[in-house]
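First the structure, in the form of structure tokens, and then the observations on it.
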Amino acid sequence: MAPAPSSTYSTITLNINGEDCTLSVDHRTTLLDALRERLSLTGPKKGCDQGQCGACTVLLEGRRVVSCLQLAMAAEGRAITTVEGVADGERLHAVQQAFLDFDGYQCGYCTPGQICSAVAVLEEHAAGWPSAVTDDLRPEAGPPPLTPEEIRERMSGNLCRCAAYPSIVKAVARAAEATAGAEADTAQGTTTKVAEASV
Ligand code: FES
Ligand code: FES
């Protein structure tokens, strides 16, 4: 006999780091609790549990969200990326590598959220999104220089109780350089291949 419909629980499928995970959740379950308590994805951390610290940051369809304020049910059918999913196999994401290179942490509790946020910052910046400290808001001005002030503003939703901010800012700046360099190399490679093909 089919289980009686429940007004409290539903079975949902979450797409997390490219894999579908089906689970039954209480409708009040936050995405953070579903990830940590039900699916053992403990990268996202519970700091404040009220949307203030950013420790629980994950990417939802590429946009950063604080997963403690997101209901798991509302994330069904949307691509969720946690810190466990930002690397490309064994190859670290440029942001992860930069955090290692620049010691962008002390205790590390805030780091998964910082890294997810920084990954989104690079994409938002490349897409030309301004921040609250961007001077020139004209569309034709393009992305503003990713200065320390821009980075601090764009990362301001992620608190670090160890105050590793100077290293975090350097790490994000380095990751932005590395990403821009990799994109330039890819474009150069494409140009070379086109040129070779047309000889
Ligand atoms: S635990 Fe989600 S913002 Fe602090
Ligand atoms: S490294 Fe400890 S809270 Fe940020």
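The values are calculated or read from the model by the stated rules, or taken from the named source; none is laboratory data. Bear in mind that the values here come from a model prediction, so they are computed numbers and not experimental data. Counting neighbours? That spans all protein chains shown, and the Cβs are built from the backbone with ideal geometry, glycine included. All accessible areas refer to the heavy atoms of the entire protein, side chains included, with ligands and DNA or RNA removed. Shrake-Rupley method; radii C 1.70, N 1.55, O 1.52, S 1.80 Å.
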Requested in this report: State, as an integer percentage, the relative contact order of the chain based on alpha-carbon contacts under 8 Å between residues 6 or more apart.
Outcome: 19
Query raised in the report: Who wins for biggest fluctuation among ASP33, ASP88, ASP20 in a Gaussian network model of the chain, springs between alpha carbons below 10 Å?
Result: ASP88
Requested in this report: Report, by chain and number, residues whose modeled amide H sits under 5 Å from the one on LEU71, excluding near sequence neighbours (fewer than 5 apart, same chain).
Outcome: LEU31
Query raised in the report: Which ³J(HN,Hα) values in Hz, rounded to whole numbers, follow from the phi angles of the stretch 110-119 under the Karplus curve 6.51 cos²θ - 1.76 cosθ + 1.60, where θ = phi - 60° and Gly and Pro get x?
Result: 7, 4, x, x, 4, 5, 4, 5, 5, 4
Query raised in the report: Using θ = phi - 60° and the Karplus form 6.51 cos²θ - 1.76 cosθ + 1.60, what ³J(HN,Hα) does each residue of the stretch 160-173 get, whole Hz, x for Gly and Pro?
Result: 10, 6, 7, 6, 7, 4, x, 6, 5, 4, 4, 5, 5, 4
**Report entry** Built amide H within the under 5 Å cut-off of CYS160, gap 5+
**Finding:** none
Report task. Note the full-extension length gain between ARG91 and LEU60 as 0.36 nm times their separation in residues minus their Cα-Cα distance, in nm to one decimal. Result -> 9.0 nm
Requested in this report: Enter the accessible area per residue of the stretch 94-193 (Å², integer; probe 1.4 Å; all protein chains in place).
Outcome: 54
Report summary line: Sorted on mean Cβ neighbours within 10 Å (highest first), peptides 93-106, 126-139, 37-50 come out as 93-106, 37-50, 126-139
Report summary line: Averaging 1/r across every pair of distinct alpha carbons in the stretch 19-177 and inverting yields a Kirkwood hydrodynamic radius, in angstrom, of 16.1
Requested in this report: Please report, in debye to the nearest 20, how large the charge dipole of the chain is about its Cα centre when each Lys and Arg carries +1 at its beta carbon and each Asp and Glu carries -1 there.
Outcome: 560
Query raised in the report: Which shape class, rounded, prolate or oblate, goes with the stretch 9-85 when its Cα gyration tensor gives a ≥ b ≥ c as root eigenvalues, a/c under 1.5 marks rounded, and past that a/b bigger than b/c marks prolate?
Result: oblate
Query - Surface share of carbon and sulfur [accessible, 1.4 angstrom probe, percent] for the stretch 94-193 - result: 57
Report summary line: Expressed as a whole-number percentage, the relative contact order of the stretch 94-193 with C-alpha contacts under 8 angstrom and at least six residues apart is 42
